[in-house]
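Read the figures in this text as sums done on the coordinates, not as results from a lab. On a predicted model such as this, the values are computed, not experimentally measured, just so you know. Cβ sites come from the backbone with ideal geometry, for glycine too, and all protein chains shown count toward neighbours.
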Amino acid sequence: MSTHERWQRANDEFLAMRLAWLRSRFEELIEARSRSNEATNNPASPVDSQRTVESSDARHDAELLPALQILGNRLGLSAFEQDVLLLCTAMELDPRLPNLCALAQNEASRPYPTFALALTLFDDPAWDAISPERPLRRLRLVEVNQPGATPLTAAALRADEKIVNYIKGL
């Protein structure tokens, strides 16, 4: 097996693992919101879950680093920014995500990721990731669809097609 084939396989395995982790984060958030709404009718606080992918991240040697990590390292993305980029990319890779986005936001009309969702979904949320000066927006890794008077935090997010292809290893 060639180095490229080994890298592609490792990248695919990494993405599959990260997508499973992302779906579990959604399920935890949806369950927490459901319990919270039943008990107090208040929104849930951020999901408190260990980033189980960390240990698997360490298993990848330098030549087999997944594309998402390569991109994160080269562009100086924080862990939170990489999670936001994963969330936006996952929308193109997993047909279950739009429904999970709507359920997690308790809003059927929002079957897409938003900064508000990311700030709730991921550990160590960082408001500066929203800034037009940070890489996600400055380098247009993520497109923000903000029609009319929609707040920035509620605007639909979408990963650029070239970035999705890069992360997928195409």
### Net charge of Cβ neighbours under 11 Å - reference A126; Lys, Arg +1; Asp, Glu -1
-4
### Query
What full-extension length gain, to one decimal in nm, is calculated for I70 and R96 as 0.36 nm per residue of separation minus the Cα-Cα distance?
6.7 nm
## Note on the structure
Which residues qualify? For A156, with a placed amide H closer than 5 Å and at least 5 residues away or on another chain, they are N145
### Message
How large is the Kirkwood hydrodynamic radius of the chain, counting all unique pairs of alpha carbons, in Å?
### Response
16.6 Å
### Query
Under a point-charge model restricted to the Cβ atoms of Lys and Arg (+1) and Asp and Glu (-1), what is the dipole moment magnitude of the chain relative to its Cα centre, in debye to the nearest 20?
340 debye
### Task
Order these peptides, 79-86, 92-99, by their mean beta-carbon neighbour count within 10 angstrom, highest first.
79-86, 92-99
### Query
Put +1 on the Cβ of every Lys and Arg and -1 on every Asp and Glu Cβ in the chain; which of A79, F26, P147 then has its Cα farthest towards the positive end of the dipole?
P147
#### Entry: Cβ-based exposure ranking for W127, W21, in which fewest neighbours within 10 Å come first
W127, W21
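With a 10 Å Cβ neighbour count serving as the proxy for reagent exposure, in which order, fewest first, do T120, T150, T114 appear?
Values: T120 20, T150 13, T114 24.
Lowest to highest Cβ neighbour count: T150, T120, T114.
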### Query
What is the sum of charges around R23, taking Lys and Arg as +1, Asp and Glu as -1, for the other residues whose C-beta is under 14 Å from the C-beta of R23?
-2
### Query
What ³J(HN,Hα) values, in whole Hz, does the Karplus curve 6.51 cos²θ - 1.76 cosθ + 1.60 give for region 92-103 when θ = phi - 60°, with x put for Gly and Pro?
8, 10, 10, x, 7, 5, x, 5, 5, 4, 4, 5
